[in-house]
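The structure under discussion appears below in the form of structure tokens.
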Amino acid sequence: MPHRASYLLAAALLALTAGYAASQELLDQIAARVESDIILLSEVRTLGKYQMLVDGKTESDAAILDRLIDQWIVRNEADTARFPHPADVEIAHGVEHLQASFASQEEYQGRKKQSGLSDKEIARMVTDQLYLSNYLDSRFRPAVLVTAKQVEDFYQDAVLPRARAHNQAPPALDASREYIQEALVQRGINDQADVWLKESRGRLHVEKFLKDSGK
């Protein structure tokens, strides 16, 4: 009888240990908690793969997690505002634009293989990026003002030097005006979004559980 009691006790302890290990494994998959939501380690990994696809390199896990927290802020406000999600045609165009950013289809396929992302995962990432960037554009574009002098200064300080560096004839200012205008608007949107995100982060309750993986 004592032997049976010892066996049952050992079995109970083994089950308890296994349950604890399983719960720890589950907790290890949570990279952060933002308010009542969680960001999973798999989300960090997926965004890292997307960075590899687009840029050929990835940021550290900690930097990627910070980006995901910023994305949570934008998505939470966009969802609350019932902001429309991108249409299928816009998503298809976004994927085509991504592919066209590579020198060839072979280069794109090679980078895609290196990243480990599937076509479905890429389309989902493009969809997310479009949703977030479209919302930021709608929120901050109306407040961005670009003057004629700013356009001319950008032409003198950026367009002309770049053309000379590539031994190319520079485009005329009038031909470049619309492009420069949009580039400056985008810069203004990014600047205002950065300020807003910094203020928003300070109001959030965030817990990070990400272990330093050295990446």
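Worth pointing out:
- Rounded D (µm²/s) - the chain, Kirkwood Rh over Cα pairs, Stokes-Einstein at 4 °C, 1.567 mPa s: 61
- Tensor-based shape of the stretch 111-196 (alpha-carbon gyration tensor, a/c under 1.5 rounded, otherwise prolate or oblate): oblate
- Helix axis angle, 105-115 relative to the chain longest principal axis, alpha carbon, degrees: 30
- When the chymotrypsin sites (Phe, Trp or Tyr not before Pro) in the stretch 106-209 are filtered for DSSP coil states and for at most 16 other beta-carbon atoms within 10 Å of their beta-carbon, the remaining sites are PHE209.
- Whole-number D in µm² s⁻¹ for the stretch 31-70, Kirkwood Cα-pair radius fed into Stokes-Einstein, 25 °C, 0.890 mPa s: 239
- Gaussian network model of the chain, Cα within-10 Å springs - most flexible of SER118, SER101, SER36: SER36
- Nearest 10 degrees, 0 to 90: helix 173-201 Cα axis against the chain principal axis: 30
- For ILE30, the residues whose amide H sits under 5 Å from its own are LEU41, ignoring neighbours fewer than 5 places away on the same chain, with H placed 1.01 Å from N.
Laboratory data are not the source of any read-out in this text; all were calculated from the coordinates shown. Keep in mind the model is a prediction, meaning the values are calculated, not measured. For neighbour counting, all protein chains shown are included, and Cβ atoms are generated from backbone atoms with ideal geometry for every residue, glycine included.
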